[in-house]
Amino acid sequence: MISAEELAAIPVFALLEPAVRAELARAGADIHLEPGEFLAHEGEAPAFIAVLSGKLEVVKLIDGVERIIGTRTPGRLFGEVSVIYGTPQQAGVRASESTRVIRLEVRQYYSAAAACPEFAKAVGALASERIGGLQSLTAEARHRQATLVGSKWDPATLELRRFLARNLIVFDALEPDDAQLAKHWNGPLPVVDDCPALQLSDGINLKRPRPRTVAECLGLPTVPEHSAYDTLVIGAGPAGLAAAVYGASEGLKTLVVETEAPGGQAGTSSRIENYLGFPSGVSGDELASRALRQARRLGAEILVARKVLGIDPAANTVQLDDNEQVRARTIIIATGVSWRRLDVEGFDNLVGRGVYYGAARSEADTTLGQDIHLVGAGNSAGQAAMFFANYARSVTLLVRGASLEDAMSQYLVEQLRRKSNIHVMLRTEIKAVHGSTHLTGLDVVNRDSKAVTHLASGGLFVFIGANAETEWLPAAIKRNDRGYILTGTELMKAGGWSGTREPMMLETSAPGIFACGDVRLSPVKRVASAVGEGSMAIAFVHQYLAYQA
């Protein structure tokens, strides 16, 4: 138990009356930490902390890299910024050796501050000083991890841009003829035939690299640490990441395999306004990066730039690319869906050259000052329109239906109507796209009058629904005619279950293999429902393993 005398040895607490110190000593949490153990993580609720013995190190994620930005030794404080300014913790803090601290809740701090203005003044001054230190971090030069050179109209360059951005790699992207290229590139400049070219911060140069090569050079995990796992999750979208968090936290040896980058389709969403717990909304990549850090902290392995080619239910194995196999006692399929293709004259030739399926925040600079068009009327299209409207000169939504309200949330419809540079063309379809090296324009037709209009366009983004690409799965895993995986009740209705017990809610026709998120046949397609199903899948994994014991 902490004594009032121990608190009196800390300068700011020495300002308090003995009775107030005694109350804090009684009410405060006496916490003992082992080396490497976190006391608080960045973004957590505020708390007022004083070091009694040992040493803490303050860590903050800057440009995707964890940095130690300070230390706390006996007598020093942590959390004063979050307590004074009413914000979440601005950094994390962990023990670098065996450490003992007192942790006070916000109400306990303010009770002491009310009793002693000098105490409040001293802590406030320290908080102001700390704020200055945090501000100085933002003035530092960015820690650039890579420089990418390639034409913005080159699909291979687009693929690398998206891969780097979605894996939280800090990079500069330049055109081959950019006058500033020599300032960003060390050594002989890349020629057009070498592009896309990538130079890493350690001096490695890569010509036309594939994402897996880039991942390996950047130290991103691409190889499983073990040959067998309790559960293997295919896909790192919201459902897959939720399964990873719950699986790892509950002691299951968990591996996640992701073809591109964590986040799935949700990771490309510019803003998710209706996700519980984020009153101001949250971007898809921010939500994904938080979940990724959480899953890895809890012990899940997450591989990127690896593809699952097949599953053998009888042998409990998963076949990865490069002829690698991994055994798993259970498997969770969370591969999500892919954007449905648009059958329009000239379309395929311009994909990646001004025509895009979906959108990512990394495409924002390609729309600067342009008149761009979005096809679709769902929330994904509306969120992208709101985001791009801050960069493009104008954004026009091309909608087949007669009303946005038919498929879009009302809050988003209202936001679109308030944005002066967003326009909507209802009862409209694309007839053709134009351009040789890149998109220059498109023809649209009014579904009622049949009148055709030509529109100049600097970018076309397509959001017309999605399909489940599950043709790689074995016949033992039943799907409907659109590729969505049958589970639980739907599986029973289709007569696809032959086990002696009833299938669990998320269990497929192959016992011990589960499906969750958008790839599963279900009328609900939401980030929140995918997260819920990912966590539920782990509960069913435990049940299945108990049956097998």
Which of rounded, prolate, oblate describes segment 189-304, given a ≥ b ≥ c as roots of the alpha-carbon gyration tensor eigenvalues and a/c under 1.5 marking rounded, otherwise prolate only if a/b is larger than b/c?
oblate
How much length is gained on full extension from residue 156 to residue 1, taking 0.36 nm per residue of separation minus their Cα-Cα distance?
49.6 nm
Quick check on the chain: helices-only [θ] at 222 nm, where DSSP H runs of length 4 and up contribute -39,500 (n - 2.57) each and the sum goes over total residues. Nearest 500, please.
-8500 deg cm²/dmol
³J(HN,Hα), Karplus 6.51/-1.76/1.60, whole Hz, each residue of segment 82-93, x for Gly, Pro
5, 6, 5, 9, x, 10, x, 4, 7, 7, x, 9
Along segment 366-373, what does the Karplus equation 6.51 cos²θ - 1.76 cosθ + 1.60 (θ = phi - 60°) give for ³J(HN,Hα), rounded to whole Hz, x for Gly and Pro?
6, 9, 4, x, 9, 9, 10, 10
Provide the three semi-axes, in whole Å and in decreasing order, of the ellipsoid equivalent to the chain as defined by the square roots of 5 times the Cα gyration tensor eigenvalues.
45, 32, 25
So, by mean Cβ neighbours within 10 angstrom, what's the order for 5-12, 114-121 with the highest one leading?
5-12, 114-121
How high is the FRET efficiency from residue 343 to residue 315, r the C-beta distance, R0 45 Å, rounded to 0.05?
0.70
I'd like the FRET efficiency for residue 217 and residue 61, computed as 1/(1 + (r/R0)^6) with the beta carbon distance as r and R0 of 25 Å, rounded to 0.05.
0.70
Placing each pseudo-label 7 Å from Cα in the direction of the beta carbon, residue 469 and residue 114 end up separated by a distance in nanometres of 6.0
Under 8 Å for C-alpha pairs, at least 6 residues apart: give me the relative contact order for the chain, rounded to a whole percent.
11
Once the Cβ-Cβ distance between residue 189 and residue 539 is put in as r, and R0 is 56 Å, what FRET efficiency do you end up with, to the nearest 0.05?
0.50
Taking a straight Cα-to-Cα line shorter than 13 Å from residue 450, and setting aside same-chain aspartates and glutamates fewer than 8 residues away, one finds 429
List every residue whose amide H lies under 5 Å from the amide H of residue 233, counting only residues 5 or more places away in sequence or on a different chain, with H placed 1.01 Å from N in the peptide plane.
255, 256, 257, 332
So, with +1 on the Cβ of K and R and -1 on the Cβ of D and E, and no other charges, what is the size of the charge dipole of the chain about its Cα centre, to the nearest 20 debye?
640
Length released on extending from residue 207 to residue 107, taking residue separation times 0.36 nm less the Cα-Cα span:
30.3 nm
For the chain, return all DSSP H helices satisfying: extent of Cα atoms along own axis at least 24 Å; mean Kyte-Doolittle hydropathy at least 0.5.
527-548
Residues with beta-carbon under 10 Å from that of residue 51, excluding residue 51: net charge, scoring Lys, Arg +1 and Asp, Glu -1?
+4
Distance in nm between residue 393 and residue 180 label points, each 7 Å along Cα→Cβ, equals 2.2
Taking every pair of alpha-carbon atoms in segment 4-96, what share in percent sits in each 10 Å bin, from 0 to the bin with the longest distance?
16, 45, 31, 6, 1
What does the charge count around residue 372 come to, taking other residues whose C-beta lies under 13 Å from its C-beta (Lys +1, Arg +1, Asp -1, Glu -1)?
-2
Cα to Cα, under 18 Å, and not fewer than 8 places away if on the same chain: which aspartates and glutamates meet these conditions relative to residue 121?
17, 80, 129
What does the charge count around residue 309 come to, taking other residues whose C-beta lies under 12 Å from its C-beta (Lys +1, Arg +1, Asp -1, Glu -1)?
-3
Tell me which of 201, 22, 370 sits at the most positive position along the dipole axis of the chain, charges placed on C-beta atoms (Lys, Arg +1; Asp, Glu -1).
370
About the Cα centre of segment 247-385, what is the dipole size in debye to 20, counting +1 per Lys and Arg Cβ and -1 per Asp and Glu Cβ, all else neutral?
560
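Any read-out appearing in this document is the output of simple, stated calculations on the displayed coordinates, not a laboratory observation. All of these numbers come straight from a predicted model, not from anything done at the bench. Here Cβ is always computed from backbone atoms with ideal geometry, including for glycine, and neighbour counts include all displayed protein chains.
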